[in-house]
Ligand SMILES: Cc1cc2nc3c(=O)[nH]c(=O)nc-3n(C[C@H](O)[C@H](O)[C@H](O)COP(=O)(O)OP(=O)(O)OC[C@H]3O[C@@H](n4cnc5c(N)ncnc54)[C@H](O)[C@@H]3O)c2cc1C
């Protein structure tokens, strides 16, 4: 019998298994892909304070600091934000995830890589595709948008099309301004969503777009048009993938019986931006720590995890409630115009205002993790 079984070996799952094993839990992690980190299905942008927390420089994970964000709100207005003290960094997520999995194994977690969880028999039995059966006292569902374990214990895991961010992204060789992220909101490239250029350096970038699901649009055609606009055709496409991120209301129950939900499986990505790395890392670390503490008798309920996630959940719910109102061209444009104009104004008074605010907020959440160390 394992203390903890983690289903899914990406950011949230590898984080959970790593801390749980480090704290002495007998832990198993199951991941269906041989190399879940390759290629990273991600724009790879995070706040710099998260990079510091992850000690990216120590693990040799290259980062590109972004100093300027250029936003086109459709064809109606252009905004430029300069980041001062705190930056966004574009990371090598591939390297980070590989490192987290290796760390989980070094800490003593048993990894079942290339194995798919096909069934869960509550309260403790996890069945793999090779019919192997594992038992665990606590199960952490880190299976991403599928929320695989949730679907087996009566949680409504089906997402409405409009609660899914449908994405397509290419890794592109070309000429890019290394310190500048470019975003294009709404039509013609990303109706009810946005397109992005996240530069890795002067010659490589992640170029993609994410739109609200349920629209009958040719994603490849939208991306081709956006790439043509950004590069004037002077580029080489190295690879392209399609993927989805939940842009939904977070799960009502982050803990049900002995099952805990983390990262995208708990719908913890920001429903307006699709950014989910930060919350995957925070929730994975918290769930791993709290599960272990519970098993050792240090706390008497797993619901401590939900309590510790309270502030994040409140913000995610607020964002979702705002997002679902932007259903027409006019509402979408007016909504974002108001938000970007406010930010521009705040930035003109206090340069880097928004990033500094985000950094402070994130630091508060990360400090919380220290409590469980
Ligand atoms: C195109 C795109 C760009 C993005 N860009 C950014 C960005 O720039 N910044 C940001 O903050 N966020 C970004 N995100 C969001 C971010 O990638 C996710 O929020 C994050 O990956 C969530 O991590 P996770 O570990 O919870 O889930 P996932 O990364 O989805 O990992 C789930 C893992 O579970 C495994 N799994 C699933 N089912 C099973 C099963 N039955 N058995 C075994 N294993 C299973 C999967 O193989 C996978 O490895 C982006 C998302 C997309 C789609």
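The values are calculated or read from the model by the stated rules, or taken from the named source; none is laboratory data. Model, not experiment: these values are computed from the prediction. Reconstructed Cβ throughout: ideal geometry from the backbone, glycine too, with neighbour counts over all protein chains shown.
May I ask you to verify whether residue 172 is more than 21 Å from the chain's Cα centre (by Cα), surrounded by 22 or more Cβ atoms within 10 Å (Cβ to Cβ) and either assigned to a strand (DSSP E or B) or away from the ligand (no atom under 16 Å from the Cβ) (or both)?
yes
Of all residues in segment 58-69, those satisfying the criterion of being in contact with a strand residue (DSSP E or B) (Cβ under 8 Å, 6 or more places away or on another chain) and away from the ligand (no atom under 16 Å from the Cβ) are 67, 68. Of all residues in segment 76-107, those that are without any contact (Cβ under 8 Å) to a residue 24 or more places away in the chain and either surrounded by 15 or more Cβ atoms within 10 Å (Cβ to Cβ) or more than 18 Å from residue 342 (Cα to Cα) (or both) total 3. Residue 340 meets the conditions (1) out of contact with any strand residue (DSSP E or B) (no Cβ under 8 Å at 6 or more places or on another chain); (2) not assigned by TED's automatic domain parsing to the domain that holds residue 6 in every case but one. The failed one is (1). Within the option set 287, 280, 291, being within 8 Å of the ligand (Cβ to nearest atom) and touching a residue at least 60 places away in the same chain (Cβ under 8 Å) holds for one residue only, 280.
Screening segment 176-272 for strands (runs of 3 or more DSSP E) wholly inside it with 1 or more residues that are closer than 27 Å to residue 63 by Cβ and within 12 Å of the ligand (Cβ to nearest atom) returns the ranges 180-186, 190-199, 204-212, 236-246. Of the numbered criteria (1) out of contact with any helix residue (DSSP H, G or I) (no Cβ under 9 Å at 6 or more places or on another chain); (2) within 14 Å of the ligand (Cβ to nearest atom), the one residue 296 fails is (2). Within segment 265-280, the residues that satisfy the criterion of being touching a strand residue (DSSP E or B) at 6+ places or on another chain (Cβ under 9 Å) and under 19 Å from residue 302 (Cα atoms) are 265, 266, 267, 268.
Quick one: is residue 121 out of contact with any strand residue (DSSP E or B) (no Cβ under 6 Å at 6 or more places or on another chain) and over 22 Å from residue 51 (Cα atoms)?
yes
Counting only residues that are under 24 Å from residue 356 (Cα atoms) and part of a loop (DSSP other than H, G, I, E, B), which one in segment 35-56 is farthest from the ligand (Cβ to nearest atom)? Out of the qualifying residues, it is 55. Restricted to segment 88-158, the set of strands (runs of 3 or more DSSP E) holding at least 3 residues that are modelled with pLDDT of 95 or more, over 30 Å from residue 355 (Cβ atoms) and within 14 Å of the ligand (Cβ to nearest atom) comprises 110-113, 117-121, 125-128, 133-141. Residue 34 passes every criterion in (1) assigned by TED's automatic domain parsing to the domain that holds residue 278; (2) in contact with a helix residue (DSSP H, G or I) (Cβ under 9 Å, 6 or more places away or on another chain) apart from (2). Restrict the check to segment 159-169 and report whether at least one residue is in a loop (DSSP other than H, G, I, E, B) and either touching a strand residue (DSSP E or B) at 6+ places or on another chain (Cβ under 7 Å) or on the phi < 0 side of the Ramachandran plot (or both). Yes, segment 159-169 has at least one match.
Taking segment 66-87 as the range and being closer than 24 Å to residue 350 by Cα, over 20 Å from the mean Cα position of the chain (by Cα) and assigned to a loop (DSSP other than H, G, I, E, B) as the test, the residues that pass are 67, 83, 84, 85. Applying the condition of being near the ligand (Cβ under 6 Å from one of its atoms) and outside any loop (DSSP other than H, G, I, E, B) to segment 25-34 and asking which residue is nearest to residue 138 (Cα to Cα) yields 30. The set of residues in segment 318-339 that are under 30 Å from residue 290 (Cα atoms) and loosely packed, with under 13 Cβ neighbours inside 10 Å comprises 318, 321.
Among the residues of segment 210-242, those identified as out of contact with any helix residue (DSSP H, G or I) (no Cβ under 6 Å at 6 or more places or on another chain) and more than 17 Å from residue 174 (Cα to Cα) are 210, 211, 215, 216, 217, 218, 219, 220, 221, 222, 241, 242.
Determine if segment 17-24 includes at least one residue that is within 9 Å of the ligand (Cβ to nearest atom) and within 25 Å of residue 146 (Cα to Cα). Break it down stepwise before answering.
From segment 17-24, those within 9 Å of the ligand (Cβ to nearest atom) are none; that's our starting set.
No, segment 17-24 has no match at all.
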